[in-house]
Structure formats: C-alpha cells, structure tokens
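Asks: My questions will all concern the structure given below.
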Amino acid sequence: MPSIKKQLLKNTLIAMLSLWLVTALITIYAARHEALELLDSKLQETAYTLLAFNIEGSIKHRDKKGEEEEIESEHFPAKNDELQVQVWRNDGALIIASPNAPSVPFNPESGFAVNRQDKQSWRSFAVWDEDHSLQVRVLEDKEKLHKVVAEIVTTQLLAFLLFAPVLAIMISWSIGRGLQLLTRLASEIGTRHAQHLEPVPDENIPAEVQPMLKALNALLERLNESIRKERRFTADAAHELRTPLAALRVQAELASQSQDPETRAHALQQLVEGSGRTSRVLDQLLALARIEHDQTLIGDTPIDLQQLARNTLANEAGRALSHQQELALLTDNPIIVNGDATLLQLMLRNLVDNALRYMPEGGVCSISCLSDTDKALLIIEDTGPGIPEESLDRVFDRFYRITGTRQEGTGLGLSLVAEIVRLHHGTIQLSNRLEGTGLTVTVSLPLH
C-alpha cells in the first residue's frame, strides 16, 4: 500500500538532489570562469613584471661570461613555483626558461593561448618588448584550474552529504507531524458505526483535506438518507401489509374449511380481490421507494404530455364506461417536456384513477395540456366530491386517507405522484372547483 509520508519524503529528497545538481553545475561553471580569470590575471601580471625587469641586460651579461648562469631576481619564478617562464628572441631562439618549463615551441603571437605538451595542457600569456626583439611567455598547468574546481565541488558534496540526512530527518518529522491530523481523522471515522452517520467535524482540518472531508460528509449524508428511506419502506410495508395479509389468511382458512359451496366461492372471491389489493399496495410501495432513491432522472428525454394523456385516457376508457363516466381531452397541441415517460405515465394513471374512483356514475374527468412561458401545465379536473380544505395539504402524506372515505385505496397514490413531480423539478397543486363539486389538480413541469 503506497504511503503518503514515504512518497512526500521521496519527492522532497529528489527535488533537493535535483536542486543540488543544478546548483553544482552553476557553481562549477562560475568557479571555473572565476579561476580562469584569476589565472589569466596572474599570468598577465607576471609577464609584464618580467618584461619591466631588465631581462635583455641580464642576457648580455650571461653571454659575456660564456657560462650558464641563472638570472636571479625576485620577479623570476622559483623552481617550485607553479608558473613557468620562457624568453624568446624574435628569430625563434629560446634564451631563458624556468627549470620546469615545458618544451612548448615558439609562437610569435601575443596574448593568451593554450599549449599542449606531453599530454599536458598549459595556459600561457605572451608579450613582446617595445622593439619586438624579446618575447616573454608565462605558462601554468591547467590541471591547477581543474583542481580548484574539484575542491569546490568536493566541498559542496561533503556539505550536501553532511546536511542531507539531517534535513531528511527534519522533513520526515515535519511531514509526520502534519499527517497526524489525518491519523486522528481516520481514528474518528474508524470508530463510527452504522447508527452513527453524522458528519465528521471539520475543525482544525488542513485546507488540502477539506475537499475530501466534504465529499465524505456528503457521502455519509446520502448513506444516512438511504438507510432512513429503507427503514421507512420496511415500516410502511409492515404497517400496510399486516392487515391485508391477515385478511387473506382468514379467507383462505374459511375457503378450505367451509362445506358450503357458496361460502367457499365467496371466500375465494374475497381472496382473489384481497390478493389484488395487496399486490397493488406492494407495487406502489416499490415504485415509491425507487423514486425516492433516485436523486436524478435515469431517463431524461423529450416527451409529449398530450400524447401521454391521450394514452392514459385510452387505457382507462373501459373502466369509465362500466361506471357511465366520461373521460375527455380538452386540448390537442403537443406540449413537450423533459422526463421519464414511464414515471410520467404512472403519475397520470394515478391521478385519473383517483378521479374515477371517487366520482359518482355519470361523472366527468377532463385533462388539459397547456404551456405558460417556460412551464407546461397539466390540469386534471373531475366532478367528484373534492377534498376538505383542511386535508388538501395532508393528502400527499403516505397512507393518509380522508375520514369517512368508503372507497378502497392505499393512501399512496398522491404520495407517489408528488415524488414523481419532485423528481421532474415541478410543482403540484390541489384545489376544489369553484363552480361546483369536484377537484382540480394542476401539475407544472419545465418545458423542453
């Protein structure tokens, strides 16, 4: 498992090493340039000093004696000096040379030059006297220049090797201290259990960890909400199915024990109807649980509300005719919205089902699809008994049924409708009709 501390330490040390290498290269270049300038200055100064000394007179003095005689002068390099000297005539004859001077051939050019002799490289400076009869050339082995640069690099390397471990320990301690907050955060999260899903406190949490903590708290909130919905679904299912299942069991026992054919047939009929109601309750509970679980629409496509209304009325036409009820679609213009066709069809079916269920024989249910600026309006009107004013806001609650209602129902239909409208970012409003009995349901959805 990768370690943040080790990764940070490794990256920091790599960055330090890279920085040291760049610094070393710059230092080498600067040191070499500086050493070369110092060497050139020393060569130039020595050459002009010797030229100012009466070398020509000393040479004539040596020639008159006819013997090899060293020129003694405080300005002439000693045997152990790093500088070497050659004095040449303009005809190319070597007059004087220091004991360790290399056998560099005559070069009439003045100024700085690099001479190679026996695999050695010499830096030299040459200057002529005023009458251009004598040339003084001062030389120094360039190996000294390399030694100076090597000493500088070695000093830097030793300093790096000395301080790198100390710096690494300090960086490791600093990183470890900074990561202690993450350790405490991990401990805080690790002690949580399934019943403790409150947000993790963000006090004294580094800014770099804040986005991760916010995402974690958002996840905990979603998980808590999901668990709450599952518990609610379980409680709703247990509450709503307890009585129907008990009734089914009674009818089943009655049918199995009764010797009377009519009683048995009636019990079986009640069993079939009860199982149908139970199945409808389960379907609505599952649909409601699925819709509540979805935070966004899975299918979001352009849908014609007018066509959905036409299909719903066609599907419910047989049921309406059996009760001498009338269904009508009052508009014929396409109204396009974005959404899930299956859910919107389920919404319309529940609204029309409620209207047909509570309307008397001969009642009328009409649907209108209109557009208003950026909204689509779906209006369902019926000639039923309406809803008491004090219950208009409560009918969207689960399992709420108006007192005195004789029609069968689960109390889940409008809850399901409200969740579908919410998922489509719309609104729903219920109002009793002013011109008489009946209810008006207005659903507002964003236009495509």
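Nothing in this text is a laboratory measurement; each read-out follows from the coordinates by a stated rule. All values derive from a computational prediction rather than experimental measurement. Backbone-built Cβ (ideal geometry, glycine too); neighbour counts: all protein chains shown.
Asks: List the residues whose amide H sits under 5 Å from the amide H of ILE335, counting only those 5 or more places along or on another chain, with H placed 1.01 Å from N in the peptide plane.
Replies: Those qualifying (amide H under 5 Å, at least 5 residues apart or on another chain) are LEU305, GLN306, GLN307.
Asks: Okay, next question. Between segment 179-212 and segment 106-151, what is the separation of their alpha carbon centroids in Å?
Replies: 73
Asks: Continuing with this model, one more query. Report ³J(HN,Hα) in whole Hz for each residue of segment 96-113, in order, from the Karplus equation J = 6.51 cos²θ - 1.76 cosθ + 1.60 where θ = phi - 60°; Gly and Pro get x.
Replies: So the Karplus estimates, Gly and Pro as x, are 9, 8, 5, x, 9, 5, x, 7, 7, x, 5, 9, x, 6, 8, x, 7, 7 Hz.
Asks: PRE reach from GLN324 (point 7 Å along Cα→Cβ): which of segment 366-385 fall under 20 Å by backbone N?
Replies: Correct set: 366, 382-385.
Asks: Between GLU109 and ALA24, what's the calculated FRET efficiency when r is the beta-carbon distance and R0 is 45 Å? Round to 0.05.
Replies: About 0.80, to the nearest 0.05.
Asks: I would also like to ask the following. Calculate one ³J(HN,Hα) per residue across segment 309-324 by plugging θ = phi - 60° into the Karplus curve 6.51 cos²θ - 1.76 cosθ + 1.60, and present them in order as whole Hz with x for glycine and proline.
Replies: Using θ = phi - 60°, the values come out as 5, 4, 5, 5, 5, 5, 5, 9, 4, x, 5, 5, 5, 5, 10, 6 Hz.
Asks: What distance in nm separates the two pseudo spin-label positions at ASN224 and GLN120, each 7 Å out from Cα along the beta-carbon direction?
Replies: 8.6
Asks: Mind listing the phi-derived Karplus ³J(HN,Hα) values for segment 86-95, rounded to whole Hz, using 6.51, -1.76 and 1.60 with θ = phi - 60°, and x for any glycine or proline?
Replies: 10, 10, 10, 7, 6, 8, x, 8, 7, 8
Asks: Once both labels are modelled 7 Å past Cα along the beta-carbon direction, what's the HIS266-ALA159 spacing in nm?
Replies: With each label point 7 Å from Cα toward Cβ, the separation is 10.9 nm.
Asks: Follow-up. Nearest 0.05, what FRET efficiency do ASP283 and LEU13 give at R0 = 60 Å with Cβ-Cβ as r?
Replies: The calculated FRET efficiency here is 0.40.
Asks: Which order do the peptides 441-447, 360-366, 207-213 take when ranked by the mean count of other beta-carbon atoms within 10 Å per residue, highest first?
Replies: Averaged packing, sorted descending, gives the order 441-447, 360-366, 207-213.
Asks: Put a dot 7 Å past each Cα toward the Cβ at ARG433 and SER275; how far apart are the dots in nm?
Replies: Inter-label distance under the simple model: 3.9 nm.
Asks: Next question. List the residues whose amide H sits under 5 Å from the amide H of LYS142, counting only those 5 or more places along or on another chain, with H placed 1.01 Å from N in the peptide plane.
Replies: SER121, TRP122, ARG123
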